[in-house]
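What follows is a short report on a single structure.
The values are calculated or read from the model by the stated rules, or taken from the named source; none is laboratory data. What you see is a predicted model; the values in this text were computed from it and never measured. Heads up, the Cβs are rebuilt from the backbone with ideal geometry, glycines too, and the neighbour counts pull from every protein chain shown.
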Amino acid sequence: MKLSVLMLVASLALAPAAHAQDARAVCRPDLVKFCQTQMEQRDRKAVRACLIQNRDKLSEACRSQIKEMMAKRAAKSN
């Protein structure tokens, strides 16, 4: 799951706008719940660390979105 969270953070930054917007919308409640301070500081490394720390607490919807984005990214790289 640690890799998945890292991929989410990277994907949010690098994904096409529509996909990134979907992921942000789905994962935003988790980000607000667990990583609000880091988000307010706009510190991507701190947000990533926070997500990793709370990876087992992320909603199923957010985890599903992470997996979908990873699959799309893997398909594009092949």
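Just the residues that are of a type in the set (A, V, I, L, M, F, W, C) and either surrounded by fewer than 13 Cβ atoms within 10 Å (Cβ to Cβ) or without any contact (Cβ under 8 Å) to a residue 24 or more places away in the chain (or both), please, taken from segment 58-78.
A71, A74, A75
Among the residues of segment 44-57, how many are among the charged types (D, E, K, R) and either in contact with a Leu (Cβ under 6 Å, 6 or more places away or on another chain) or surrounded by 15 or more Cβ atoms within 10 Å (Cβ to Cβ) (or both)?
So the answer is 2.
Out of L31, L8, which single residue is surrounded by 13 or more Cβ atoms within 10 Å (Cβ to Cβ), modelled with pLDDT of 85 or more and not aromatic (F, W, Y)?
The match here is L31.
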